[in-house]
Amino acid sequence: MELLDKNKGHVLALFRIVVGLLFACHGAATLFGVLGGVRGRAPGFAEWPGWWAAAIQLAGGVLVLLGLATRVAATICSGSMAYAYFFVHQPDGLFPIQNGGEAAAMFCWAFLLIVFLGPGTLALDSLFSRKQSAGGQRSSVAEPAPLQQPTA
């Protein structure tokens, strides 16, 4: 058990990197017709929702892959996949196996896991936080001001 606990951060980082890479590849395939391209026509610039979904996939996937603004990017990625599942796939059937929404469902839950567990090791987020703490700067998390009693 100790070996498993000791490597949690590295396994989480590997999970984050793979999920981010796969998501970014999906976005690149849709936007640029690379890596096997897309079925049908590629969405036009700023076309709702296809172009925006692909842009989120590419940009969000790269951010998650690098571990940069990881939790924010993963939240947006998870939300976009929830939207895709409920508004694109769900009308064709209740279960993902019926409606072709397996990838959307899996990405949604994978990114939600990253939101709650964080980026793991090997993330640019941790590199920047180490530099801030080494430089003597305060953390980016604001501490609340102490409550003061009103004076009469």
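The table below lists the values:
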read-out	value
The range 1-128 - percent relative contact order, Cα under 8 Å, separation 6 or more	30 percent
Estimated translational D of the range 36-131 in µm²/s (Stokes, Kirkwood radius over Cα pairs; 4 °C; 1.567 mPa s)	90 µm²/s
3J(HN,Hα) from dihedral phi, the range 10-26, Karplus parametrisation 6.51/-1.76/1.60, rounded to Hz, x for glycine, proline	6, 5, 4, 5, 4, 4, 4, 5, 5, 4, x, 5, 4, 5, 5, 4, 4
Karplus-derived HN-Hα couplings along the range 51-61 (A = 6.51, B = -1.76, C = 1.60, θ = phi - 60°), whole Hz, x at Gly and Pro	5, 5, 4, 5, 5, 5, 4, 5, 5, x, x
Extended-chain gain in nm, criterion 0.36 nm per residue less alpha-carbon gap, D5 and R71	21.6 nm
Among 60-66, 1-7, the order from most to least packed when residues are scored by Cβ within 10 Å on average	60-66, 1-7
³J(HN,Hα) computed for each position of the range 84-99 - Karplus, 6.51 cos²θ - 1.76 cosθ + 1.60, integer Hz, glycine/proline x	4, 5, 6, 9, 9, 8, 4, x, 8, x, 6, 9, x, 5, 7, 10
Packing rank of 100-111, 84-95, where each peptide gets the mean count of other beta carbons within 10 Å, highest leading	100-111, 84-95
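Taken together, the values in this text are just the output of simple stated rules run on the coordinates, not laboratory data. Since the structure is predicted, the reported quantities are computational estimates derived from the model, not experimental observations. Methodologically, a virtual Cβ is constructed for each residue, glycine included, from the backbone with ideal geometry; neighbour enumeration extends over all protein chains shown.
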